[in-house]
1. Filter segment 217-229 down to the residues that are part of a helix (DSSP H, G or I), without any contact (Cβ under 8 Å) to a residue 12 or more places away in the chain and charged (D, E, K, R) and list them by number.
2. Gly73: under 13 Å from the mean Cα position of the chain (by Cα) and either of a type in the set (Ser, Thr, Tyr) or within 25 Å of Asp155 (Cβ to Cβ) (or both), yes or no?
3. Restricting to helices (runs of 4 or more DSSP H) lying wholly in segment 1-84: which have 1 or more residues that are within 22 Å of Met110 (Cα to Cα) and in contact (Cβ under 8 Å) with a residue 40 or more places away in the chain?
4. Write out, first by first residue and then by second, each pair whose Cβ atoms fall under 6 Å of each other, whose residues are 6+ apart or on separate chains, and whose first residue, in segment 169-194, is more than 20 Å from Tyr96 (Cβ to Cβ) while the second is in a helix (DSSP H, G or I).
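Readers should treat all values here as calculations from the given coordinates under stated rules, not as data from a laboratory. The model shown is predicted, which means the values in this text are computed figures rather than measured ones. Methodologically, a virtual Cβ is constructed for each residue, glycine included, from the backbone with ideal geometry; neighbour enumeration extends over all protein chains shown.
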Amino acid sequence: MQRIDEAYILKMAGFEIDCNDGKGEPSACHHAGEFYATVNGEHKRAAEIYKNNCENNKYGPSCFNLGRYHLSGQGVEQNDAKALDYLDRGCKSNLYPACYFQAMLLYDGMLPAGSIVQSKASIELLPASKEAKVPLSAPTVPGNTASSSVQKKSDKPLALKIFEKACLGGESNSCSVLAAEYLKPGNPQRNPVKAMEHLRRACEGNHAPSCYNLAIMFKKGDTGVQPDPELFEKFKVRTEELVEMAKGQLTGVRTN
């Protein structure tokens with residue numbers, strides 16, 4: 001075990017050398033940042049590396065991680081405006097999980113500068129690969145919880161456009177949020193057919209809650225969507241498969 005640890009440390013040292021204080025390979029810099037964050041717990045140093053790699057090398061995954069750092073206040077100041085800026089940079093590099101976080105921040109509402117944050121969001125840092133793995137879970141707001149006296153500022157129309165981009169890019173959580181928006185009772189833009197399309201795309205990305213919602217939709221039917229016992233069974237079975245794969249740890253998913 002000690003040999004493996006030593007080999008890993010040597011490998012990370014190699015990445016830092018290849019990074020060359022931000023002048024070298026961007027992916028090496030990102031790996032170095034991950035090492036400081038996840039192994040050494042030096043989040044301030046990791047944030048410095050991500051910042052340099054994002055701003056100077058325009059490396060999307062580093063922009064994404066720095067944006068989430070600013071959401072939580074870990075290693076840097078908690079600042080929703082800065083978080084939004086770095087998430088936007090990640091999104092513009094077509095890193096679709098960054099688009100999802102950016103859209104959720106806009107959808108839920110940004111905290112005004114100087115707001116007191118009661119709790120910090122946990123951070124799971126993005127691997128150096130741009131192919132971020134999306135967890136099998138219902139979408140959650142990745143921001144912070146503020147005092148009820150603090151009024152947030154949201155931009156839902158822009159958020160929905162960004163969700164659309166992310167969904168088309170294969171980001172399943174974004175598809176799920178869009179589907180929920182199209183299924184809202186009283187929404188003038190309510191459109192179960194569009195919701196079904198987004199749920200299908202999310203389910204194809206192994207998003208179990210979307211598979212479950214598809215099953216319910218085809219069981220009960222909705223405006224423009226006829227009940228279909230075969231499709232109900234298909235998506236019910238797929239939901240059960242995904243729940244089993246995740247060992248039943250999915251939030252908000254039932255199979256009966």
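1. Once the filter is applied, which keeps residues that are part of a helix (DSSP H, G or I), without any contact (Cβ under 8 Å) to a residue 12 or more places away in the chain and charged (D, E, K, R), segment 217-229 yields only Lys220.
2. Answer is no for this residue.
3. Helices (runs of 4 or more DSSP H) meeting the threshold: 60-72.
4. Filtered contacts from segment 169-194: Leu183/Ala195; Asn191/Tyr182.
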